[in-house]
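Below is one structure, written out as structure tokens; the observations come after it.
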Amino acid sequence: MAFRGMTSMSELLLKTKKFNVVRETVRTPSGKDKTREIVRHPGACVLVPLLDDGRVCLIRNFRISVNATLIELPAGTLEPNEPPHVTAERELIEETGYRAAKIELLHAFFLSPGILDEKMHLYLASGLSEGATAREEGEEIENLVVPWQEAIDMVFRGEIKDAKTIVGLLWVDRLRSG
């Protein structure tokens, strides 16, 4: 499948359940044509679940792509036509079991815009109450609730390697420090 617009042409290379890979040819502002293979993703959200006592709920999540268990913030992919805040509420419950009295949008950013168009929506979840998780079959996730400063220290000790988690923790740390 290919189409040509005013300044671009797109060819579908791969269609999967969660994303597509396309070859895009685009005329740049300087008038040159550039071709790139791009992962087209529907977007996602990530949450910083902050407990009333100042601890944060991280998760340990086995990731097949890197064959390792990573320490992350809970996150998930947007379903078709699903607003990001709805995804955030759903993913918080699914992955951690916590329910939030308040979920506040803080920022949105691109994870790796050289190859990927995924937009990540960052939320702060507060007023948390515990409940049952609703993890998807096959997910190997466990909660890791730590004091706030310990989470920040884990970033700088290199124990947290996940980009969305680093961004989320450092963003909220900056807000907390005034």
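Numbers below:
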| item | result |
| --- | --- |
| Search result, residues across the stretch 67-123 that are of a type in the set (V, I, T) and more than 12 Å from the chain's Cα centre (by Cα) | T69, I71, V86, I93, T96, I103, I115 |
| Residue list for the stretch 40-71, restricted to those being at pLDDT 95 or above and among the β-branched types (V, I, T) | V46, V48, V56, I59, V66, T69, I71 |
| I160 being assigned to a loop (DSSP other than H, G, I, E, B), over 17 Å from T77 (Cα atoms) and in contact with a Leu (Cβ under 8 Å, 6 or more places away or on another chain) | yes |
| Inter-residue pairs, beta-carbon under 8 Å, first more than 15 Å from R40 (Cβ to Cβ) and in the stretch 4-15, second modelled with pLDDT of 55 or more and surrounded by 11 or more Cβ atoms within 10 Å (Cβ to Cβ), 6+ apart | T7/V26; T7/R27 |
| Matching strands (runs of 3 or more DSSP E) fully within the stretch 1-79 where at least 3 residues are surrounded by 11 or more Cβ atoms within 10 Å (Cβ to Cβ) | 8-15, 20-27, 33-40, 44-49, 55-63, 68-72, 75-77 |
| Selection status of L116, in the same structural domain as Y98 (by TED's automatic domain parsing), surrounded by fewer than 18 Cβ atoms within 10 Å (Cβ to Cβ) and of a type in the set (A, V, I, L, M) | yes |
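Listed here are the residues, each with its yes/no results for (1) more than 22 Å from T77 (Cα to Cα); (2) buried (at least 17 other Cβ atoms within 10 Å of the Cβ); (3) in the same structural domain as V86 (by TED's automatic domain parsing).
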| residue | (1), (2), (3) |
| --- | --- |
| S126 | no, no, yes |
| E137 | no, no, yes |
| Q149 | yes, no, yes |
| I152 | yes, yes, yes |
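The values are calculated or read from the model by the stated rules, or taken from the named source; none is laboratory data. Just so we're clear, the structure is a prediction, and the values are computed from it rather than from any experiment. Counting neighbours? That spans all protein chains shown, and the Cβs are built from the backbone with ideal geometry, glycine included.
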